[in-house]
1. Among the numbered criteria (1) modelled with pLDDT under 90; (2) assigned to a helix (DSSP H, G or I); (3) among the basic types (K, R), which one does A:R220 miss?
2. Name every residue in region A:237-259 that is within 14 Å of chain B (Cβ to nearest Cβ), more than 15 Å from A:L227 (Cα to Cα) and out of contact with any Leu (no Cβ under 8 Å at 6 or more places or on another chain), in order of residue number.
3. Name, by its number, the condition in (1) over 17 Å from A:I315 (Cα atoms); (2) modelled with pLDDT under 95; (3) part of a helix (DSSP H, G or I); (4) over 16 Å from the mean Cα position of the chain (by Cα) that does not hold for B:F64.
4. Can you pull out every residue in region A:227-236 that is more than 13 Å from chain B (Cβ to nearest Cβ) and touching a residue at least 60 places away in the same chain (Cβ under 8 Å)?
5. Could you say whether any residue in region A:318-330 is within 13 Å of chain B (Cβ to nearest Cβ), touching a Ser or Thr at 6+ places or on another chain (Cβ under 7 Å) and at pLDDT 85 or above?
Amino acid sequence: MSSDRAAAAAETEESTRAPESEAAGRRRVLRNLGLLIVAVLVLDALALLLVPPFPRGGQPGDECTFPVCFINGTLEFPPPHVVVDLDPSHPMPEGAAVITFHPSITSTIVTMWLIMAILIVVAFLATRVMRLVPRSLQNVLEFAYESLENFGVGLGGDAARPYIPLFAAFFILILFCNWSGLIPPIGKLDELRAPTSDLNITIGLALVSFTFFEFQGFRRHGIGGYLGKFFPVYEFRNGIGAGAIAMFVGLIELMLEFVKPVTLSMRLFGNIYGGEVALAAVTALFLAILPVAMYGLEVILNFVQALIFSVLTLIFTLLAIESHEHEEDEAGTEGATAMRAATAGQTPSPAH
Amino acid sequence: MRLPVDRGPCYHPLALSGQAGAYLALFSEIGILLLVTTLIGVAAGYWADKQLGTLPVFLVIGFFAGAGAGAVGIYRLINRFLAKFE
């Protein structure tokens, strides 16, 4: 009996102690977090006092007025820094426009090569010894690829399956290019800068995407079939008026086709460069807490931009390979069904 | 231990995210398409005006032509997108 009572007392004591220890653990975590925040703020304040900002191109110790000089000191300008000039006889003008036509290896190209090298080495190491039941690195890569495959197939069905490798490659490359700008030395050293914060690089990426989806369109429909989408001369069989309208719409379609790489490159550049400028301005104006929150936001936004670029490449490819005549036939059939239903005084039932 | 049944990609949670991602990309494209076509129209009109000395006639025409082409582009993009992915 007495042993039962002792056991019950011990149990009660344990049950009261458990929430107490839980609360104590929570308090400890909060205290540590608070201490960490205070430490970061103190470090930030010390850095400001010991190594104060100085004007761009000036010397440490030069007078710097708040806030303009503080912001200017952290800002990156759109043209990237030239690391190797391949045409030294014609130096690149200072303060050049956003797009520069000058043969050179810039900081963004160097950073992109570095990221590409790291990705290639990781992919090589992960797939050097392939196992049926994957381990460690192979497991991580297989998980990433399968997730992207499920995402792409969920978007475009089985038709999207052949284009998943390109979709995944674009996503992974752009994601790491975007995120690289958040690692402190990149963007602070002249030789390193986030590749996608340079319009020249995003135009290159967009041109690869554009060439790919146009090539897929030509490969699926042949030269005549694919160009028929933009120059629908067969519409003249239905009369000159119908033909002229179809040609006009086709010309607009052709113009919009060339707008695709422009929108792809401008969106990526604008978002990543804008993000970096915002981050630089917030870092210059505030102590650590707000820039850290901004960093978190940038991590998410950079991920979304990589996703948008790769998803749009996949969508444009799927739209390029879909049969234009089949689409028109379907529209014609639906129109005929609707006409028949209207003459019979019925509402047409949906096709699907 | 019972292994989960593979019901194909359509039942995968990421397959649903795939559709959400497609809509995200579509909305993003709609916004920037109108901006870019309008800017191209304005730039072309401005260039034509500079050549002919008729500022702002072609600039205004370019603005409306660019915005119109952008609107047509958005209409066709949404139509094709819904037909393909819905």
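The values are calculated or read from the model by the stated rules, or taken from the named source; none is laboratory data. Note that the structure is a prediction, hence the values are computed from the model and not measured. Note that we place each Cβ from the backbone using ideal geometry, even for glycine, and neighbour counts take in every protein chain shown.
1. A:R220 satisfies all of (1) modelled with pLDDT under 90; (2) assigned to a helix (DSSP H, G or I); (3) among the basic types (K, R) except (1).
2. Listed by number, the list holds a single entry, A:I245.
3. Evaluating B:F64 over (1) over 17 Å from A:I315 (Cα atoms); (2) modelled with pLDDT under 95; (3) part of a helix (DSSP H, G or I); (4) over 16 Å from the mean Cα position of the chain (by Cα) leaves (2) as the failure.
4. Residue satisfying the conditions is A:G228 alone.
5. No, that holds for no residue.
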